[in-house]
Amino acid sequence: MDFSVIHFNTRSLRKNFDEIASFLYSIQHDFSVIGISETWLRSTETSLYQYKNFRSEFVRRDNAGNRNNGGGVCLFIAPQLQYIVREDTLSNCALCETLWIEIDKCSFTNSEKNIIVGVVYRPPSGLVSDFVNILEQSLHLLNYEKKSVVLFGDFDILENHSFSCTMFLNCLTSYGYIYPIVSPTRVTQTSSTLLDHIWMRSCGLSKSEVMQVDISDHFPVSAMFNIGLLLRDKHMKSISFNSDNFVACMRNTDWGPVLEASSVDDAYEKFENIFSSAIANNTHIKVSGNKYVSPQSPWITAGILKCIKKKHYIRRKAKRNPSNFALQSRCLAYCKYLSKVLSFAKRRYFHSQLISGKNAKDKWKIVNKFLNRSSGHERTDRIIYDNATYKEPRDIAAAFSDYFGSITNSTADAPSIPALSQQCQSFYLRPTCPLEVSNGISSRRNTSPLFR
């Protein structure tokens, strides 16, 4: 499997979250990085929109100082990619919103460089010249690192011969970036423009495409590269042992050859062969795949998926024939019908899941699952100790041992706590006497257990 990216301008991730998942599942390709622009999400909503088998990074509109309805970017990253967020290249302001990650070269089979992936959204209200100045600062910083870079997003710059467009193209091409996408990404009845770009540097491109899917008014853009992914833990082994059959096998075993052996070594060898053979015969090893797949909503059946593909086909046909009013009317009616079907299927799935809960605890587990509230923690793949980065498990363990060993030494060298003065008679009991026992019994009521 090769490294690949795709970008969607969703114009509300709330609205198109399920449709993106269905589209990615329908094309039968597992993208390594999924970029989203114009998420329109607040910081309190990001946990609700998580694709299974992907990790996510968000830049929210409220974090970027944006108080309007638009904006917001995010990246969904495949689980086998080891990455860090590049905080030094973030430029979130009213002019643009960006998010950059750096993927370690250990995630690939044939890459000698780390790959930096960035997603950008530029609102149309800002000046292109100001945006180019901000973008150039990030590109200038990355230029000294000599790493592969993939940059995509909605730049909202019309491809014409204006001064602003020329400035934008010169900025990226001067740093060695090329763009394979040349087809329009936003098509209306009166215009077709290229607004969504994919720029790259030092990456071997194998395929790029503008996917004519009407998830929003922007077409998705994708690119695939000649960079192989290192699929870690591709297969998992599950071992089951039938102890009852093993015990029965031991009882029915003929131990005569062991008892009649001429020497201890010969007896032990025969015993080991019989014992190992019994264990192997009662042990079952199952190998299962552990590869990530494209996200898919559980309420999307094969029939609904077929309807979604049909809708995309009708919409593409309608856009190619804008003057065919009968086709336009048919397209609108089918979209409304499919929207009702999807809403009903989703509502029925949630209802059936809640009904399946036997008690309040089970129902809350189901609710937390819907809200993507997970108690699990991601595995730590690297640590930084004494300004050095450790990635190998053996090196990480040695760094922890050295750290806690240094703490022990410093604690042992610490001054001892002075002993506090003790009270020699801080607590004591007076001995009882017959009179005290007699008074205690006399004070009891007649219903007391002492009188029974």
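FYI, it's all coordinate maths here, none of it is from the lab. Only a predicted model underlies this, so the values are computations on that prediction, with no experimental measurement involved. In this analysis, Cβ positions are derived from the backbone assuming ideal geometry, glycine residues included, and neighbour counts consider all displayed protein chains.
Determine the sum of side-chain charges near LYS147: Lys and Arg each +1, Asp and Glu each -1, restricted to other residues whose C-beta is under 12 angstrom from that of LYS147. Working shown, then result.
Values: positive: ARG86, LYS105, LYS113, LYS146, ARG201; negative: GLU102, ASP104, GLU112, GLU145.
Net local charge, LYS147 excluded: +1.
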Revision key, fill the gap. When the charge dipole of the chain is computed with +1 on Lys and Arg Cβ and -1 on Asp and Glu Cβ about the Cα centre, the Cα farthest towards its positive end, among TYR268, ALA78, SER192, belongs to SER192
Study note, to complete from the structure: A correct fewest-to-most ranking of HIS218, HIS140 by other Cβ atoms within 10 Å would be HIS140, HIS218
Check your understanding: When Rg is the radius of gyration of the Cα atoms in the chain and Rh is its Kirkwood radius, what does Rg/Rh come to?
Key -> 1.19
Check your understanding: If all Cα-Cα distances of region 298-374 are sorted into 5 Å bins from 0 onward, what percent lands in each bin, rounded to whole numbers?
Key -> 3, 14, 18, 15, 12, 11, 9, 7, 6, 4, 2, 0
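Out of all DSSP beta bridges with both ends in the chain, state the antiparallel percent to the nearest 5. Each step should come with its number before you reach the end.
Working: 50 of 62 bridges.
Of the beta bridges lying entirely in the chain, close to 80 percent run antiparallel.
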Point to revise | Sites LYS310 and ASN53 - FRET efficiency at Förster radius 22 Å, r taken between beta-carbons, to 0.05 | key: 0.25
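Based on DSSP H runs of at least 4 residues, each adding -39500 (n - 2.57), what is the mean residue ellipticity at 222 nm of the chain after dividing by all its residues, to the nearest 500 deg cm²/dmol?
Estimated from H runs of four or more residues: -12000 deg cm²/dmol.
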Review point. Excluding same-chain residues fewer than 8 positions from LYS340, which aspartates and glutamates have a Cα within less than 20 Å of its Cα?
Key: ASP18, GLU19, ASP214
Point to revise | Rounded, prolate or oblate (a/c below 1.5 giving rounded, otherwise prolate when a/b exceeds b/c) for region 193-270 by Cα gyration tensor | key: prolate
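Under a Cβ-only charge scheme (Lys and Arg +1, Asp and Glu -1), can you give me the dipole magnitude of the chain about the Cα centre, in debye to the nearest 20? Mind showing how you got there, number by number?
Values: 54 positive and 41 negative charges, 623 e Å.
In total the dipole reaches around 3000 debye.
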Check your understanding: Taking Cα pairs under 8 Å and at least six residues apart, what relative contact order does region 2-231 come out at, in percent?
Key -> 21 percent
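When a footprinting reagent is the concern and you count Cβ atoms within 10 Å, what order do PHE370, PHE404 take, fewest first?
On the way: PHE370 13, PHE404 10.
Result, fewest neighbours first: PHE404, PHE370.
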Revision key, fill the gap. At q = 0.15 1/Å the base-10 log of I(q)/I(0) from the Debye formula over the alpha-carbon atoms of region 2-231 is -1.00
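Sum up the charges of everything whose Cβ sits under 12 Å from the Cβ of GLY303, counting Lys and Arg as +1 and Asp and Glu as -1, but leave GLY303 out.
With Lys, Arg at +1 and Asp, Glu at -1, the neighbours total +3.
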Practice item. Taking all pairs of distinct Cα atoms, average 1/r, flip it, and tell me the Kirkwood hydrodynamic radius of region 235-289 in Å to one decimal place. Key: 12.8 Å
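What does the charge dipole of region 2-231 about its Cα centre add up to, to the nearest 20 debye, if the Cβ of each Lys and Arg holds +1 and the Cβ of each Asp and Glu holds -1?
Using only the charged Cβ atoms, the result is roughly 180 debye.
Would you mind calculating the relative contact order of region 133-225 from Cα pairs under 8 angstrom and at least 6 residues apart, reporting the percent as a whole number? Each step should come with its number before you reach the end.
Numbers: 134 pairs, mean separation 26.6, N = 93.
Over region 133-225, the number comes to 29 percent.
In percent, what relative contact order does the chain have, based on Cα pairs under 8 Å that are 6 or more apart in sequence?
14 percent
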**Study point:** lysines whose Cα lies under 22 Å from that of LYS361, excluding same-chain neighbours fewer than 8 positions away
**Key:** LYS369
Practice item. For region 65-116, list log₁₀ I(q)/I(0) at each q in 0.14, 0.15, 0.20, 0.32 Å⁻¹, using the Debye formula over Cα point scatterers of equal strength and ignoring solvent, two decimals each. Key: -0.47, -0.53, -0.76, -1.26
Point to revise | Those GluC sites (Glu not before Pro) in region 184-271 that DSSP places in a loop and that have at most 16 other beta carbons within 10 Å | key: GLU260
Study note, to complete from the structure: The summed charge of the ILE181 Cβ neighbourhood (under 11 Å; Lys/Arg +1, Asp/Glu -1) stands at -3
Check your understanding: What is the calculated FRET efficiency for THR44 to PHE325, with r their C-beta to C-beta distance and R₀ = 35 Å, to the nearest 0.05?
Key -> 0.20
Review point. Setting aside same-chain residues fewer than 8 positions from LYS207, which aspartates and glutamates have a Cα under 14 Å from its Cα?
Key: ASP2
Point to revise | For the chain, with +1 on Lys and Arg beta carbons and -1 on Asp and Glu, the positive-most of SER91, GLN137, PRO295 along the dipole | key: PRO295
Point to revise | Using alpha-carbon coordinates, inclination of helix 325-356 to the longest axis of the chain, degrees | key: 0 degrees
Check your understanding: Got a sec? How would TYR175, TYR337 order by Cβ neighbour count within 10 Å, fewest to most?
Key -> TYR337, TYR175
